[in-house]
Amino acid sequence: NAIKERLTELWNFPKEGAPTKKGDWYYFSKNDGLQNQSVIYRRRSLEDAPEIFIDPNTLSEDGTVALGDMSFTKDGKYCAYTTSASGSDWVEIHVLDSESKQLLKDKISWVKFSGAIWAPDGKGFYYSAYDAPKSNAYSSKNEFQKVYYHRLGTEQSADQLIYHDPKHPLRYFHGWQSDDSRWIFISGSEGTSGSEILYKRANEKNFRVLLKGFDYDYGIVECEDDKLYVMTNEGAENYHLIAIDLKNPSQREVVIAEKECLLEGVGSAGGYLTAIYLEDAQNKVYQYELDGSLIREVALPGIGTVSGFGGEKEDTELYYSITTFTSPTTIYSFDVKSGESKLYLRPEVAFNPEDFTTEQIFFESKDGTRVPMFVSYKKGLKLNGKNPCYLYGYGGFQINLTPSFNPTSIMFMEQG
């Protein structure tokens with residue numbers, strides 16, 4: 001009972017996500033501590049009291065309908081979100097008028113492994129769906145995923161078919177349009193590894209292969225001035241960022257070169273590129289110009305796992321979160337010009353994170369590989385080999401044990 005009571009105290013703390021600005025509002029998720037699903041809130045300024053935008057806990061009486069992907073038009077006028085029932089991969093897309101929070105009549109069914117990707121003009125969105133199953137929706141075979149464009153205010157039956165591949169029934173496809181509306185891209189995959197990129201001008205009929213699949217991974221980062229920025233492991237096992245001239249696709253250049261550590265992701269916001277690396281199982285972040293010139297390494301507040309730095313091209317301030325072994329997700333603001341980070345939100349917890357510490361040490365495996373390890377403990381504990389220790393490790397499938405917060409760990413560390 002003592003363990004149960006202490007774990008309940010440790011788990012029951014407010015959890016809040018980093019804010020993102022869409023139109024005139026800042027949106028963020030928040031869980032009061034023990035809610036089944038986090039609630040989406042918004043506020044006009046960071047000083048205003050927040051209001052509820054979507055509460056997924058009220059989407060069904062028994063709580064079995066879950067909120068999935070959310071996306072906004074560039075001006076923030078409309079929000080598209082997906083819902084799934086009873087843990088199904090099938091989702092429905094719904095659309096809200098952001099200002100009034102009124103649900104529009106637009107409703108898209110038979111969507112799977114896709115959300116809504118808005119066109120730059122905000123008049124409609126791209127999505128990926130299957131034909132309606134002829135028998136049981138939960139046991140029918142899903143083949144021939146198709147990319148559609150839905151125009152707001154119209155029925156799903158009137159949606160425009162953008163792309164399908166009648167020769168490969170098991171491939172997945174996603175559509176995306178450049179911010180200047182000049183180019184449309186299709187990303188295709190056959191599984192969890194390997195992809196292919198197709199492209200065409202918006203006024204052309206047929207797509208062409210830009211990056212042939214499926215030996216390598218290709219992730220579109222940005223399209224700027226007829227130049228497509230792609231993160232890939234083609235020619236770079238640890239990934240790099242390349243730029244392709246869409247008017248002359250044979251013209252390619254390396255924008256961010258490969259490093260000895262893994263490039264996990266590249267974002268484009270605030271007029272810059274932000275690259276997140278995994279180095280010895282912890283994140284390092286670097287800021288670059290669009291031409292690949294290094295501006296700075298972002299000074300992080302500690303050893304941790306980082307996410308965020310997303311936003312629009314016009315943003316001057318971005319937000320990111322960092323999670324450590326001894327503290328849950330903490331949010332910081334980031335000034336894109338100065339590179340300065342400021343604490344935005346530290347969660348209130350039923351313990352003092354300053355009472356605990358984490359060190360990184362290294363040891364050699366049998367074949368001489370240098371393996372990183374984290375050791376977390378309550379300050380004052382003597383590391384003399386005589387303490388009880390909870391040890392966990394894993395290796396495989398490019399899955400890394402990066403810093404993460406688990407209230408159970410705090411409970412164990414409190415016991416020495």
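The values are calculated or read from the model by the stated rules, or taken from the named source; none is laboratory data. Just so it is clear, the model here is predicted, and its values are computed rather than measured. Note that each Cβ is placed from the backbone with ideal geometry, even for glycine, and that neighbours are counted across all protein chains shown. Just so you know, the surface numbers come from the protein's heavy atoms only, side chains and all, with ligands and any DNA or RNA stripped out. Shrake-Rupley method; radii C 1.70, N 1.55, O 1.52, S 1.80 Å.
Could you tell me the calculated FRET efficiency between Glu312 and Asn238, based on Cβ-Cβ distance and R0 = 22 angstrom, to the nearest 0.05?
E(calc), rounded to 0.05, equals 0.15.
Ignoring ligands, DNA and RNA, please state the percent of accessible area on the stretch 277-402 from carbon and sulfur, probe 1.4 Å.
50 percent
Go through 387-397, 41-51 and give me the packing order, highest mean Cβ count within 10 Å leading.
With the highest mean Cβ count within 10 Å placed first, the list reads 41-51, 387-397.
Per residue, what accessible area does the chain have, given a 1.4 Å probe and all protein chains present, in Å²?
Averaged over the residues of the chain, the accessible area is 54 Å².
With the cut-off at 17 Å, report for the stretch 1-135 the share of all Cα pairs above it, as a whole percent.
65 percent
Can you compute the modelled spin-label distance between Val375 and Leu170, with each label point 7 Å from Cα toward Cβ, in nm?
The answer from the label model is 4.7 nm.
Measuring from a point 7 Å past the Cα of Asn387 along Cα-to-C-beta, which residues in the stretch 341-368 have an amide N at less than 19 Å?
351-363
So what's the angle, to the nearest 10 degrees on a 0 to 90 scale, between helix 2-11 and the longest Cα principal axis of the chain?
The answer is roughly 50 degrees.
What residues have an amide H closer than 5 Å to that of Leu210, excluding those fewer than 5 places away on the same chain, when H is modeled at 1.01 Å from N in the peptide plane?
Excluding prolines and chain starts, which carry no amide H, the hits are Ile197, Leu198, Tyr199.
In nm, to one decimal, how far is the Asp280 label point from the Asp226 one, both placed 7 Å along Cα→Cβ?
Here the answer is 4.6 nm between the modelled labels.
Using a 1.4 angstrom probe on heavy atoms only, work out the carbon and sulfur share of the accessible area of the stretch 60-134 in %.
About 48 percent, which is the carbon plus sulfur part of the accessible surface.
Can you give me the C-alpha center-to-center distance between the stretch 186-217 and the stretch 75-103, rounded to a whole angstrom?
27 Å
Along the Cα→Cβ direction, 7 angstrom out, place labels at Ser100 and Lys74. What is the inter-label distance in nm?
Each label point is offset 7 Å from its Cα along the Cβ direction, giving 2.5 nm.
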